[in-house]
Every structure is written in structure tokens, then in C-alpha cells.
Amino acid sequence: MRNLFFIAALLCASVNIASAQVVAHDNAERDLKTVQDARSAYLKGDWAALQALHTPNAMAYGVAGRDSLTGTELIQYWKTVRESGVTVALGKGPVLPLNMADGPQKGDWVFEWNQHTTTKDGKKVMFPFHIVYSMKEGKIARVFYYYNEAAIMKQEGWKFTPPNK
């Protein structure tokens, strides 16, 4: 009986997952170019070009411990960090465009997996990251950043101690 319940639960879960249908991304080339242009503008510090690649009401999530930033606030944050002497290099990780046909994530998306390296005051910090771009008419509407901030802090010299029991 327990096995039957498990199988029924598994079938229900798989039906939920399958209901979000991935379809051909008709705008894949355009959206990949936008993301590549955004990466290039970021590396060059061309903030005006980067701003132009975002929708007017763009939002960013998961940057520098903040819940959310507007696109303008995100670019200002990067500009401030770079003015403090940080140099940046990005790897050449995979980038995947896809389109969700329906559901809450309906629309065009671009997924990136990569390695980020920064150097400030001669100290190098490297970390893997994942970025998810929600695209709207060829521009970045929302961007979600995923990375392990604790790993970055350790490389910067932070010490972590477990709480007392």
C-alpha cells in the first residue's frame, strides 16, 4: 500500500512538471545576441550600452545580498564596484535559450552557467554562477543571479564559526 501511495504521488508530481511545456525559441538568436552584448558592455564598463539592453522597468534579483534592484540600480551598483578598482573576467560557459509556452514562466528565457573572476588590490576571487534572463521583445526584463556568496567571502578572508550549542 505504501508503494502504491508513493507511485501515485510520483505520477502527480510528474504531471505538474510536464504541464509547463518548453517549445522552440523563435527569438533565440536575437536573445542570445542581447545577452552577449550585455556581457560585453559589462566587461567594458559601457554602462549606457548596458542600460539600453534592459527594459525600462527591468529588475534584478540576488545581487550582492540584496533581494532586488531595478535595472538602473543594478548598473549603478556595478559601476560603483568597478570604480573601486575591481577588474573582471568571465568564462566562456554554456548559454541556453528556451521558450516556455505557458504557465507563470511563459515567455523567452536565456540561461547562463559560467565562472566569474574578480581582482581587487591584487587578490583574486573566483566563483561559479548561474544567471537566468527573462527576455521581453529582445531586451532583458528580469535577471536572476545564483552563486555561493559564502565561498566568495571565504576567499576574501572571512572566517566562519559555528554557533555555540
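The values are calculated or read from the model by the stated rules, or taken from the named source; none is laboratory data. Every value quoted in this text rests on a predicted model; they were computed, and no experiment measured them. Because the Cβ atoms are built from the backbone with ideal geometry, glycine has one as well, and the counts that use them run over all protein chains shown.
Key figures for this structure:
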{"quantity": "First in region 48-76 and closer than 19 Å to Lys33 by Cα, second anywhere and among the hydroxyl-bearing types (Ser, Thr, Tyr) and at pLDDT 95 or above, Cβ under 6 Å, 6 or more apart", "calculated": "Leu53/Thr34"}
{"quantity": "Positions within region 62-106 being surrounded by 15 or more Cβ atoms within 10 Å (Cβ to Cβ), small (Gly, Ala, Ser) and outside any loop (DSSP other than H, G, I, E, B), in sequence order", "calculated": "Gly71"}
{"quantity": "Selection count, region 107-123, where residues are assigned to a strand (DSSP E or B), out of contact with any Gly (no Cβ under 8 Å at 6 or more places or on another chain) and either aromatic (Phe, Trp, Tyr) or without any contact (Cβ under 8 Å) to a residue 24 or more places away in the chain (or both)", "calculated": "2"}
{"quantity": "Number of positions in region 66-104 that are among the β-branched types (Val, Ile, Thr), under 18 Å from Thr119 (Cα atoms) and out of contact with any His (no Cβ under 8 Å at 6 or more places or on another chain)", "calculated": "4"}
{"quantity": "Neighbours by Cβ (under 6 Å, 6+ apart or cross-chain): first from region 144-163, within 25 Å of Ala58 (Cβ to Cβ); second aromatic (Phe, Trp, Tyr) and surrounded by 12 or more Cβ atoms within 10 Å (Cβ to Cβ)", "calculated": "Phe144/Tyr61; Tyr147/Phe127; Tyr147/Phe129; Ile152/Phe127"}
{"quantity": "Test: residue in region 5-18 that is of a type in the set (Ser, Thr, Tyr), modelled with pLDDT under 90 and not in a loop (DSSP other than H, G, I, E, B)", "calculated": "yes"}
